[in-house]
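The values are calculated or read from the model by the stated rules, or taken from the named source; none is laboratory data. Every value quoted in this text rests on a predicted model; they were computed, and no experiment measured them. Positions of Cβ are generated from backbone atoms using ideal geometry, with glycine treated the same way; all protein chains shown enter the neighbour counts.
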Amino acid sequence: MTAANTAATPANTTLGAPPPARVRGRRKAFDWPTAAVVVVVVAILGILIIYPLASVFGQALSARGWEVVRSTLTDPVNRQIVVNTFVLGAVVGVLGTVLGFLLAYVQVKVAFTGKRWFHLLCLLPVVSPPFAAATAIITLIGRRGIITHGMLGLDTNIYGLPGLTIVLVMSFFPVAYMNFKGMLENLDPALDDASANLGASKWTTFWKVTLPMLVPGFAASFLLLFVEAIADLANPLVIGGDFTVLASRAYIAITGEYDIVAGSAYSLVLLMPALLVFVVQQYWVGRRSTVSVTGKPAGQKRLITHPSGRVPLLAFGVLVLSAIVLIYLTVIVGAFTKILGINNEFTLANFQYVLSGIGNESIKDTTLLALIATPIAGILGMLMAWLVVRKVKRGSGLLDFLGMLGLAVPGTVVGIGYAIAFNTPLRVQVGGTTYQLLPALGGGAAMFGGAVAIVMVYVIRSLPSGQRTGIAALQQIDPSIDEAAASLGAESTTVFRTVTLPLIRPAFLAGLIYAFARSMTTLSPIIFITTPQTQIMTKQILAEVDAGRFGNAFAFCTLLLIIVLSVMGLMSLLLRGRNDVRTQIGAGA
């Protein structure tokens, strides 16, 4: 025994206990289950996003494609489009994140009755196509809006950045709300108790204790909302006016100018700010420690009951939710009105149209495909988060970014990529022999009427939300909990299934809810891969809006609200455990 080992023996052994087994020079066993999961996940991401993007960007990297890319710096018009995109993403990212945090803080930290209704109202914007909310806002406060012109006699113009900001913040803040709600519920109340025992005021505790623990949530929410805003297509087309952004410019290039090369080049430029935000977020959050769930007994939650804090927070929450209710009341009332604001006569003709023919088929097809994609996206998102935070040491940032590509890339480009990539079977030639790896999933020779390609789009577009919320939740959980299970002989996949996943149940539920709602309301990538055999609700809604039949569009949206809220409620009931896992761990500690 060396001198070093002899010196270490008294500190590492107890009286009468045998010395520990020698581990020096012993290699750690290779984690085959984790390696298999990584290989499978990377392969899935390669099929879902890398291959379609490669099909599009193969044309963007051509000589003419690079000319378009360079024009975004040299041409004044294209340069202004890039600036517009950055401004819109930053404004929506900041305002949506702050709004989502404040509403989540009211929901979790403030004492009041009706929390269930408050929560449901916060989720309302998720369950409707964004351009439907834009149509309702135009109806209410547009140039001839019911409120601005009819009641106040004003001649306002909300088209452009103001209208886009209102619509996008109101549409996407639930992403931040669900993220912060799960994190605030996970915070150990003992931290607040310790701060109070040291003499800190509630404001000091909030500023010095609570906010630093939520850093991953702020960064993740801003990232998601920034990318959502710059990649959104429907709202710029409906309410953008002359405020052109990269997503709408790429759409016009592809559908109006029939220039796939230019559209791909604009989408390549659109990826750059998303990558920049991702790198900044990783650097900032990676240097902070935010563990709050340690497996030790938690303290008693303290709610804000004093009027000085409770009344302003509740007043703010009620004001925001009143605006949301007004928007969706407009949608519902418009569904039972011939032309809301012009001919307010009651009618059921809108629903008769929607529930017959193509409308009925689109409702069934969309709901079925969304139900298939939701669990796939939810589980894959949690797996990605688990790998990034817990298992993958080298390359975790790259793996995280690959998962985020489904959200970072404009939906229009994703749809074009799928139409190009999967219109014909994927074949590989090896040694003179051709092997077919994938059948045709979209286009004229679509497998199952394009349904497989649509499910794939739903999964890759919904995955990033669950991934980010899962990462934020896992960063709050002490790794020693997983290590304790592993020390008892559990394999990595068993630890994930029995320990990690139950601990991040709020984030998992948030991922499922968002995945289903996102699938039901996705439009831009779906337009390019639908076939006559598969009808999608959002495509039918946009067709009704373009034709000026707002009543039919509002009827579609009303039915979509009912479907999504019903499924969300069912998910909450099914995933609500009898006992919280953190409580069980604390009781056994």
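General remarks:
- For region 534-548, the set of residues classified as at negative phi and without any contact (Cβ under 8 Å) to a residue 12 or more places away in the chain consists of A543, D546, A547, listed by residue number.
- Tally of residues being crowded, with 22+ Cβ neighbours inside 10 Å, β-branched (V, I, T) and in a helix (DSSP H, G or I) across region 496-510: 1
- Tally, over region 148-169, of residues that are surrounded by fewer than 22 Cβ atoms within 10 Å (Cβ to Cβ), part of a helix (DSSP H, G or I) and touching a residue at least 40 places away in the same chain (Cβ under 8 Å): 3
- Looking across region 364-379, just one residue is modelled with pLDDT under 90 and in contact with a helix residue (DSSP H, G or I) (Cβ under 6 Å, 6 or more places away or on another chain), and that is G378.
- Selection from region 339-361 of residues that are assigned to a loop (DSSP other than H, G, I, E, B), of a type in the set (G, A, S) and surrounded by 14 or more Cβ atoms within 10 Å (Cβ to Cβ): G341
- Conditions (1) at pLDDT below 85; (2) in a loop (DSSP other than H, G, I, E, B); (3) closer than 23 Å to T521 by Cα; number of the one not met by I254: (2)
- Verdict on R427 being more than 21 Å from the chain's Cα centre (by Cα), at pLDDT 75 or above and not in a helix (DSSP H, G or I): no
- For A377, the conditions (1) under 30 Å from I260 (Cβ atoms); (2) free of Cβ contacts under 8 Å to residues at least 60 places away in the same chain; (3) in a helix (DSSP H, G or I) are fulfilled apart from (2).
- Which listed residue is of a type outside the set (D, E), in a helix (DSSP H, G or I) and over 30 Å from Y266 (Cβ atoms), from L95, L123, L88: L123
- Taking each residue of region 61-89 that is within 27 Å of L223 (Cα to Cα) and looking for partners that are part of a loop (DSSP other than H, G, I, E, B) with beta-carbon atoms closer than 7 Å, six or more apart or interchain, yields I81/T244; I81/V245; N84/F243; N84/T244; N84/V245; T85/V245; L88/V245.
- Cβ separations smaller than 8 Å between residues 6+ apart or across chains give the following pairs from region 314-327 residues that are in contact (Cβ under 8 Å) with a residue 60 or more places away in the chain and within 14 Å of I166 (Cβ to Cβ) to residues that are part of a helix (DSSP H, G or I) and of a type in the set (V, I, T): I327/I137.
- Across region 186-204, a minimum of one residue is classified as at pLDDT 75 or above, under 24 Å from the mean Cα position of the chain (by Cα), polar (S, T, N, Q) and part of a helix (DSSP H, G or I).
Yes/no per residue for (1) at pLDDT below 90; (2) under 28 Å from G381 (Cβ atoms):
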position: P33; (1), (2): yes, yes
position: L45; (1), (2): no, yes
position: A54; (1), (2): yes, yes
position: V83; (1), (2): no, no
position: V91; (1), (2): no, yes
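- Cβ separations smaller than 7 Å between residues 6+ apart or across chains give no pair from region 186-210 residues that are farther than 23 Å from L102 by Cβ to residues that are of a type in the set (G, A, S) and at pLDDT 70 or above.
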